[in-house]
Amino acid sequence: MKKVTAMAMTAVLALGMLAGCGKGDSKDTAKSDAGSKDTKQEAEGDVTTITYWGWDTNWYEPMFEKFMEENPDIKIEATNVAYSDYFTKIQQAIASGSELPTMVQQSCTLIANYKELGVFEDLTSDPYNVDPDIFFDFIKDRAMTEDGQLIGIEQSVSPSAIAYKRDLAKEYFGTDDPEELAALFQSTDDYITKGKEVNEKSGGDAYLFHSSGAVAEWLYFADSTELQTGDTVNFTEKMTPVMDTLVKMRDNKVVDTFENGTPQANATYADDNHLFYPCPNWAISYYIKANDADGEGNWGLMMPATGGYSCGGCSVGITNTSTDAEKEAAWRFMKWAFLEQGGVDTAKESTDYYVPTKEFYEDPSYASGADPFFGGQDVGGFLYGEIAQSIVIPTPSIYDQTVIDIRDLLANAVMSDSDLDTQALIDKGLEECANRITDSDIKVK
């Protein structure tokens, strides 16, 4: 617990990666319409009241509303907690002996830290008896402890690819076909060579990518190198390929200077000067369709040179401090949400979330189908078929969020200081690691 507290209390000060867990109302402890946080279980005839803390209002509000409509004997009270405060709030509740919520939202970048808290039900045991093999192979073990306890079920999967603007792809590469484009970009060097050509042909106006932060996120999550092996954090090995590519992209005018996720960066989705966007499945709704209202038919999705990757995600767990009645009610919700058709359809229709449970993909109509916004491309079939089958996720580390925060810092630095080369960036990152990873038993190299 000491190791987790020392690291994670600092790590969660940054927003980190909200992606794949939604970007709901960020006001700390704002109460949703689903109820208030003050009472964990109350006597209302035969109604069992359970509680939930989360930041993902776009998911939990429609899901809870629909579930309670169908299950009037269960009431779910949701408290909205800012992502940046969430893990700290959980830790503080444990340390003070305060009540934990019945259900906890577990960010994928802190999942290793949640495993060490010891406050979650093992969902492979009675009465839950979840078989992890029912989930996609690349994600089935992420919320599992070393001794085989499953502490949560993923809300959705986050397969990721490269989105592109069809008109600009035709202009600069002569094709907007996703397979033909993927054949042109088979290595990271191809992005640099062809990205330089784009900038030169446009007279310096156009860039292949809009943001070093977006590129860094893609390259980092597409790399299967383990961040931590034993008592060693492999920062240099993990981060060098990312920074080396960013330096080359900067020097060859392949990537623009926008900070990922800002209004200015989001405006580029509708312009004529940026072609490619690293694209987790959730970015289609949150970024592309939200920021390019007139772009229907002009977008495509292609396989990255790195192969498919996973970017984002959260799991939901049940606290072992809850009463048996609360656990039973929470499990009824989770089973409905992730394992039963009604909840699975609700998540798809209300939030565009797709569950990790493989059996639902046996029905082609669940995820597949022509998307007019993407020129009739079968985006779902591509993401949840070809992409999902190619994903490899490294073993989670309790230092994931810390290193991701440092990665984002370096991705901004590489664009703001053209004198920084790869080694200087790695040295800067190692300095940050020394300040943030203070456990004497851990070596950073």
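The values are calculated or read from the model by the stated rules, or taken from the named source; none is laboratory data. Nothing here was measured: the structure is a model prediction, and the numbers come from that model. Cβ placement follows ideal geometry from the backbone for every residue including glycine, while neighbour counts extend to all protein chains displayed.
Structure notes:
- Condition check for Asn266: farther than 30 Å from Tyr52 by Cα, touching an Asp or Glu at 6+ places or on another chain (Cβ under 8 Å), of a type in the set (S, T, N, Q) and assigned by TED's automatic domain parsing to the domain that holds Ala216: no
- Scanning the range 338-379 for residues that are of a type in the set (A, V, I, L, M), part of a helix (DSSP H, G or I) and closer than 23 Å to Gly300 by Cβ yields Ala367, Val379.
- Glu217 being modelled with pLDDT of 95 or more, touching a Pro at 6+ places or on another chain (Cβ under 6 Å) and not β-branched (Val, Ile, Thr): no
- If you go through the range 87-96 and keep only what is crowded, with 24+ Cβ neighbours inside 10 Å and not β-branched (Val, Ile, Thr), you end up with just Phe87.
- The residues of the range 380-401 that are assigned to a helix (DSSP H, G or I), under 15 Å from the mean Cα position of the chain (by Cα) and not hydrophobic (A, V, I, L, M, F, W, C), listed by number, are Asp400, Gln401.
- Helices (runs of 4 or more DSSP H) within the range 128-244 that include 1 or more residues touching a Phe, Trp or Tyr at 6+ places or on another chain (Cβ under 9 Å) and polar (S, T, N, Q): 188-201, 212-222
- Yes/no for Glu340 being surrounded by fewer than 17 Cβ atoms within 10 Å (Cβ to Cβ) and assigned by TED's automatic domain parsing to the domain that holds Tyr60: yes
- Scanning the range 245-266 for residues that are surrounded by 17 or more Cβ atoms within 10 Å (Cβ to Cβ), part of a helix (DSSP H, G or I) and not small (Gly, Ala, Ser) yields a count of 7.
- Pair list, Cβ < 6 Å and 6+ apart or interchain, from the range 97-109 residues that are surrounded by 24 or more Cβ atoms within 10 Å (Cβ to Cβ) to residues that are of a type in the set (Phe, Trp, Tyr) and at pLDDT 95 or above: Pro101/Tyr52; Pro101/Trp53; Met103/Tyr52; Gln106/Tyr114
- Residue in the range 40-48 that is modelled with pLDDT of 95 or more, assigned by TED's automatic domain parsing to the domain that holds Ser350 and more than 17 Å from Ile318 (Cα to Cα) present: yes
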